[in-house]
């Protein structure tokens, strides 16, 4: 049971972290480098899950992706499949709640790169994409890593939104935080203790790792 | 020859409105662009390089049109092939001197050879593996100049390149800039507010005041 929850948690969190890494970086670059109409609104919407109670975020996910949802309705109609009560639903929940942490950290570090480096790269004939990959990304990598580790930790601890959209099915959608809740509720103290210790250890390692990265010097 | 004929209006809530309205010609050789701070010197360089876009007018280098509002032409920064030396050098901090210099060289097979050649030209072979934070101001300046020249630009723009180095190094570097200019035989535009630098490089001089050319 413990290992089922741990395996499932790691699967869901890995998938969420990959999605958060790629999409968070894209959103961070967009928000850091471009001015467009509705930019502040987009920023606010993406940040919402950071301040909303996770159950509310989960509720909106059901409205959006549920069988009768705005997007979920279409998917169900054409495929007969719904994301509700699946591990993929748990991935979506973990992604949505941890994405703002990645965006905030990555945006701040992209914005802190001296724009003259990028302009210098353009004058040397390099495209925006090549400049991003060879100049901006390596110079902002510390903040991006930190954002990624924080997102990983947040996704690992995700409870409320996951419960709302993916439910609490042992071996299918029951992640570690949900398993702890159930263990305590059913009076299984030993299991609760074990799960809590494992989660704590992973979280401490994540924070330790983040601090190490943010203190290390990159150059020279 | 570079011909510049442009207007650009700046509006900012914090500062007063500022209109840049200039036309001048630059032939091969060093042209010193002088003026007090806030006169629009750096802005002119940024307009020529394509970092900023004029409201109207034209910028032509030999037979290439960089910008022409009447013909709706506006080449990108990358297409203009301009060597730019920034006031803060803007050397890539995560790359070594050699990597910085090689960065803009288009022909991959010549990268190594050409970077070495530039290092030798500016007498900085000994710092080729150093990152910018381990270089002196004068060394950073030489790398910045070498990097700008390595990509075979058609024109070089220098934005107060010597404002951060001491007097002794400055004299040496001015000679090196002059020498580099002679070897490449392309126009250099040198922005400064330092009368002594201007005198030393004296060729053509364009004096700017409040967004307009005085002389």
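Coordinate-derived values only; no laboratory data. Quick caveat: nothing in here was measured; it's all calculated off a predicted structure. Reconstructed Cβ throughout: ideal geometry from the backbone, glycine too, with neighbour counts over all protein chains shown.
Filter the range B:124-138 down to residues that are in a helix (DSSP H, G or I) and away from every other protein chain (no Cβ under 14 Å) and give me whichever is farthest from the chain's Cα centre (by Cα). Give the derivation first.
Restricting attention to the range B:124-138, the residues satisfying the condition of being in a helix (DSSP H, G or I) are B:125-127, B:132-134, B:137-138.
With the extra rule that they be away from every other protein chain (no Cβ under 14 Å), the set shrinks to B:125-126, B:137-138.
Values: B:125: 23, B:126: 25, B:137: 17, B:138: 17 Å.
My answer is B:126.
Take the conditions in a helix (DSSP H, G or I), within 13 Å of chain A (Cβ to nearest Cβ), crowded, with 21+ Cβ neighbours inside 10 Å and touching a helix residue (DSSP H, G or I) at 6+ places or on another chain (Cβ under 7 Å) and apply them to residue B:143. Does it pass?
Working: in a helix (DSSP H, G or I): yes; within 13 Å of chain A (Cβ to nearest Cβ): yes; crowded, with 21+ Cβ neighbours inside 10 Å: yes; touching a helix residue (DSSP H, G or I) at 6+ places or on another chain (Cβ under 7 Å): yes.
The answer is yes for residue B:143.
Here residue B:163 clears all of (1) outside any helix (DSSP H, G or I); (2) crowded, with 16+ Cβ neighbours inside 10 Å; (3) touching a residue at least 60 places away in the same chain (Cβ under 8 Å); (4) away from chain A (no Cβ under 14 Å) except the condition numbered (2). Of the listed requirements (1) under 30 Å from residue B:78 (Cβ atoms); (2) surrounded by fewer than 20 Cβ atoms within 10 Å (Cβ to Cβ); (3) in contact with a helix residue (DSSP H, G or I) (Cβ under 7 Å, 6 or more places away or on another chain), residue A:133 misses just one: (3). For the range B:93-123, taking the residues that are facing chain A (nearest Cβ under 9 Å) and surrounded by 22 or more Cβ atoms within 10 Å (Cβ to Cβ), the one that is nearest to the chain's Cα centre (by Cα) is identified as B:104.
Within the range B:166-196, if we keep just the residues that are more than 14 Å from every other protein chain (Cβ to nearest Cβ) and assigned to a strand (DSSP E or B), the residue that is surrounded by the fewest Cβ atoms within 10 Å (Cβ to Cβ) turns out to be B:192. In this structure, does residue A:82 turn out to be away from chain B (no Cβ under 11 Å) and in a loop (DSSP other than H, G, I, E, B)? Yes; evaluated as a whole, the condition is true for this residue.
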